[in-house]
Amino acid sequence: MPQPSAPFTVLDHPLIQHKLSHLRARTTSKKQFRELVDEITTLMAYEVTRDLALEPVEVRTPLESMTAHRIRGKKLVVVPILRAGLGMVDGITRLVPSARVGHIGLYRDEETLEPVSYYFKIPGSPGGREFIVVDPMLATGGSAKAAVSRLKEAGARSIRFMCLVAAPEGVGALSEAHPDVPIFAAALDRQLSDQGFILPGLGDAGDRLFGTR
Ligand code: PRP
């Protein structure tokens, strides 16, 4: 029987699409690129966190006491896939300052396109936390699949994946491997190139963020 695939959501708010058009442009500077990644992530975070659990808290207003609701911020863990995912961390922690941050180091072997793991560090008690894995690009899906598998091995049970630009191949691969992980993107692009780049895409997000090419 075919597995139900994970929900895939394109967050096509006009502000996100506007900023994404600047992000894609080859003339966009490193400074602007970093700022745009940050801003788009914040706009997306609003929707990606829509179903986070709330807990009641007693609040005394200037007039009387009431029961209000707050998110359990410490339960949220933002996990960038290094390097490029780092550019998306502040965009979420600005909204949820008490969120924890884990790190997963993966790079794509340029010949095989297979992810190679070089770092893994997340907060304790992962079973009770909500993880948001962030990476600007979902290309073949190899890195995202490996990151989610590694989190599950460590005990994570609630994981969502957030990227800026996704290729259909990556969405298919991630949702087939992890049908329980919802995927959020700012855009679904046309295809992967023979070299594994997203087309039309935005180039290599890591190199554009950090100026390494
Ligand atoms: C890029 C990108 C993703 C990965 C996507 O990282 O940031 O992590 O490739 O490709 P995939 O879906 O085919 O796995 P890269 O390997 O260039 O490393 P970097 O972030 O250090 O630049």
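Would you mind stating whether residue 10 is touching a residue at least 40 places away in the same chain (Cβ under 8 Å), among the β-branched types (Val, Ile, Thr) and buried (at least 18 other Cβ atoms within 10 Å of the Cβ)? Before the answer, list the steps.
Numbers: touching a residue at least 40 places away in the same chain (Cβ under 8 Å): yes; among the β-branched types (Val, Ile, Thr): yes; buried (at least 18 other Cβ atoms within 10 Å of the Cβ): no.
No: the conditions fail for residue 10.
Quickly run through the range 127-150 and pick out the residues that are surrounded by 24 or more Cβ atoms within 10 Å (Cβ to Cβ) and either assigned to a helix (DSSP H, G or I) or in contact with a Cys (Cβ under 7 Å, 6 or more places away or on another chain) (or both).
The answer is 135, 136, 137, 138, 143, 144, 147, 148.
Condition first: within 21 Å of the chain's Cα centre (by Cα), among the β-branched types (Val, Ile, Thr) and modelled with pLDDT under 95. Can you find one or more residues in the range 60-73 that meet it?
Among the residues of the range 60-73, at least one is within 21 Å of the chain's Cα centre (by Cα), among the β-branched types (Val, Ile, Thr) and modelled with pLDDT under 95, which makes the answer yes.
Among residues belonging to the range 97-111 that are part of a loop (DSSP other than H, G, I, E, B), more than 16 Å from the ligand (Cβ to nearest atom) and within 21 Å of residue 151 (Cα to Cα), point out the one that is most open to solvent (accessible area, probe 1.4 Å).
This residue is 98.
Please tell me if residue 155 is in contact (Cβ under 8 Å) with a residue 24 or more places away in the chain, out of contact with any strand residue (DSSP E or B) (no Cβ under 8 Å at 6 or more places or on another chain), part of a loop (DSSP other than H, G, I, E, B) and open to solvent by 10 Å² or more (accessible area, probe 1.4 Å).
yes
More than 8 Å from the ligand (Cβ to nearest atom) and closer than 19 Å to residue 22 by Cβ: which single residue out of 172, 203 fits that description?
Result: 203 is the single residue among 172, 203 that is more than 8 Å from the ligand (Cβ to nearest atom) and closer than 19 Å to residue 22 by Cβ.
Quick one: would you say residue 172 is farther than 21 Å from residue 39 by Cα and assigned to a loop (DSSP other than H, G, I, E, B)?
No.
Identify the residue in the range 112-126 that is β-branched (Val, Ile, Thr) and within 13 Å of the ligand (Cβ to nearest atom) and, among all such residues, is most open to solvent (accessible area, probe 1.4 Å).
112
When you check residue 199 against the structure, is it at pLDDT 95 or above, open to solvent by 40 Å² or more (accessible area, probe 1.4 Å) and in contact with a Lys or Arg (Cβ under 6 Å, 6 or more places away or on another chain), yes or no?
When the stated conditions are applied, residue 199 passes them.
I'm checking my understanding of the structure. Among residues of the range 141-165 that are of a type in the set (A, V, I, L, M) and near the ligand (Cβ under 9 Å from one of its atoms), which one is nearest to residue 6 (Cα to Cα)? Steps first, please.
The first filter runs over the range 141-165 and keeps only residues of a type in the set (A, V, I, L, M), leaving 144, 146-148, 151, 154, 156, 159, 162, 164-165.
Keeping just the survivors that are near the ligand (Cβ under 9 Å from one of its atoms) gives 144, 146-147.
Values: 144: 14, 146: 16, 147: 16 Å.
For the range 141-165, the residue satisfying everything is 144.
Could you check residue 80 against (1) in a strand (DSSP E or B); (2) within 16 Å of the ligand (Cβ to nearest atom); (3) farther than 28 Å from residue 14 by Cβ and say which number it fails?
The number of the failed condition is (3).
For the range 59-89, how many residues are surrounded by fewer than 19 Cβ atoms within 10 Å (Cβ to Cβ) and farther than 24 Å from residue 127 by Cα?
Final tally of qualifying residues: 11.
Would the range 31-51 turn up any residue that is surrounded by fewer than 16 Cβ atoms within 10 Å (Cβ to Cβ) and farther than 27 Å from residue 200 by Cα?
Within the range 31-51, one or more residues are surrounded by fewer than 16 Cβ atoms within 10 Å (Cβ to Cβ) and farther than 27 Å from residue 200 by Cα.
When you scan the range 13-30, how many residues do you find that are open to solvent by less than 30 Å² (accessible area, probe 1.4 Å) and in a helix (DSSP H, G or I)?
3
What are the pairs with Cβ atoms under 9 angstrom where one residue, in the range 132-148, is on the phi > 0 side of the Ramachandran plot and the other, located anywhere, is near the ligand (Cβ under 6 Å from one of its atoms)? Sequence gap at least six, or different chains.
Between residues of the range 132-148 that are on the phi > 0 side of the Ramachandran plot and residues that are near the ligand (Cβ under 6 Å from one of its atoms), the close pairs are 141/170.
The values are calculated or read from the model by the stated rules, or taken from the named source; none is laboratory data. Source: prediction; values computed, not measured. Note: ideal-geometry Cβ built from the backbone for every residue, glycine included; neighbour counts use all protein chains shown. The accessibility values were calculated without ligands, DNA or RNA, using every heavy atom of the protein model including side chains. Shrake-Rupley method; radii C 1.70, N 1.55, O 1.52, S 1.80 Å.
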